[in-house]
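Accompanying notes for the structure given below.
Taken together, the values in this text are just the output of simple stated rules run on the coordinates, not laboratory data. Note that this is a predicted model, so its numbers are computed, not measured. As a convention, Cβ positions derive from the backbone with ideal geometry for all residues, glycine included, and neighbour counts pool all protein chains shown.
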Amino acid sequence: MTDENGGNYKWGALALLCAACFLQQGMRQIFPPLASSIGDGFGASAAFRGSVMGVFTLVYALAVPFSGMAGDFLSRKKIVIFALAVFSLGVLGAGWATGILGIMLMYGAVNGFGQSFFYPAATSLVQQLHSERKATALSILQIALYSGIVLFSFASGKMLDVCGNWRVPFRVFGIAGVVWALVLVFLLRDTKPVRGPVAEKPRFADALRAVFSKPSAILLALGLGMQIFVDVGFKMWMPTYLKETFPGMGAASYGLHAVLWHYLGAFAGVVVGSRIADRLVRVRHGIRMEMNIAGLVLGAPFILWMSEAGTFRAVCAAMGLFGFFRGVYDSNQFASIFDVIAPRYRASAMGVVLAFAFAFGAVAPVVLGMVKDSFSMSAGLSSLCVFFLLGAALIAVARYRFLERDYEG
């Protein structure tokens, strides 16, 4: 598509959407650094605190198949602004919650619903405006995503250290999101949805059939579910683990370190994994699944080391290496699924796969919270390595038993 909006608008629009993505991803990470203080204030168990992120992930899973379809038929500008306003109001409302159930409703359900509609519409809008340089544009958006997770985790902890009030980050960031939604109303231009002939639009039933008729697609979805389980559990409980293991740290410090080293490693892993797979895929079409398997198998020992290391430096090193091999997996996670799904069904089928994977991942914060209540946080985090290995085993079956039959190229 040519730049129908003229001049440098498409780069200005990318900047606007990067700021929105920064807010969106950052607001996902406000709760974990504050969870201990919130739980202490309301007398909530670890399992109950974990339920907040569990509700968020479950609502996200239920809504995401419909959010992708909405982006194909409705104004993407309106969906982006609607989503940003909804999840910002959810975060803002959590700052006035009078109990853990109120936080579960506002931060979990309302925030999760709004977030599910943001990313599909935002990325589609970026691709529509930057059709000739979409890889560059999407990589810039990805940097905003990683930056939001790391910086909001640090900032929410810092506000807690300075103000001594866990409500402040919810209110500050919630208001910032509402203000930015209003900015987008005036500065982001509308674009027409890309519509093809009705016959080319697969039905939801077609997407289900495209996934469940392929054993390899089912196994890859299960493997993705294992990875999402680890990711959600890790991001929820790692700040608490650092707080309890190294009690001299402030909230800003453990909020930052809980995600910084992991995502630095993940960024490097994505670069390495994608380059290896792209170079070899022409001569070895199973390389993408093999990179998935390698990432999960090689990452599992570092999860165990991370949860058992005796020094802060060792924990950070383990998180970085765990992140690197997670990045190797991430670099090919969607490409592997596309290898076994016919092109005309890929967008809709991905909604089905993501819904399943996030629904499975929704139980991780609760399960780890229950393990913490009964045993220790270290035991809960250690158990995550089992899910990496299970995911690798499922993908190995897909690669070596069904890929030749299901491969779509």
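A few points about this structure:
- Two-site FRET efficiency, Arg344 against Arg279, from Cβ-Cβ distance with R₀ of 41 Å, rounded to 0.05: 0.90
- Under a Gaussian network description of the chain, with springs only between Cα atoms under 10 Å, the residue in Phe186, Phe82, Phe117 that fluctuates furthest is Phe186.
- By the beta-carbon count within 10 Å of each Cβ, the least crowded to most crowded order of Tyr345, Tyr107, Tyr9, fewest first, is Tyr9, Tyr345, Tyr107.
- Measuring against 21 Å, Cα to Cα, the residue pairs Lys158/Lys372; Lys78/Lys235; Lys158/Lys235 contain Lys158/Lys372; Lys78/Lys235 as the ones spanning a longer distance.
- Distance from segment 85-106 to segment 41-65 (C-alpha centre basis), Å: 12
- Once you reduce segment 234-270 and segment 363-407 to the center of their Cα atoms, the two points are 20 Å from each other.
- Compared with the direct C-alpha span, the chain from Phe312 to Ile175 gains 45.8 nm at full extension, assuming 0.36 nm per residue.
- The GNM of the chain, with springs linking C-alpha atoms under 10 angstrom apart, assigns the highest mean-square fluctuation among Met249, Met53, Met370 to Met249.
- In this label model, Ala19 and Val397 are separated by 4.9 nm, measuring between points 7 Å along each Cα→Cβ vector.
- Estimated inter-spin distance, Thr98 and Ser374, nm [label 7 Å along Cα→Cβ]: 3.5
- Estimated purely from DSSP H runs of n ≥ 4, each contributing -39500 (n - 2.57), the mean residue ellipticity at 222 nm for the chain is -26500 deg cm²/dmol once divided by its residues.
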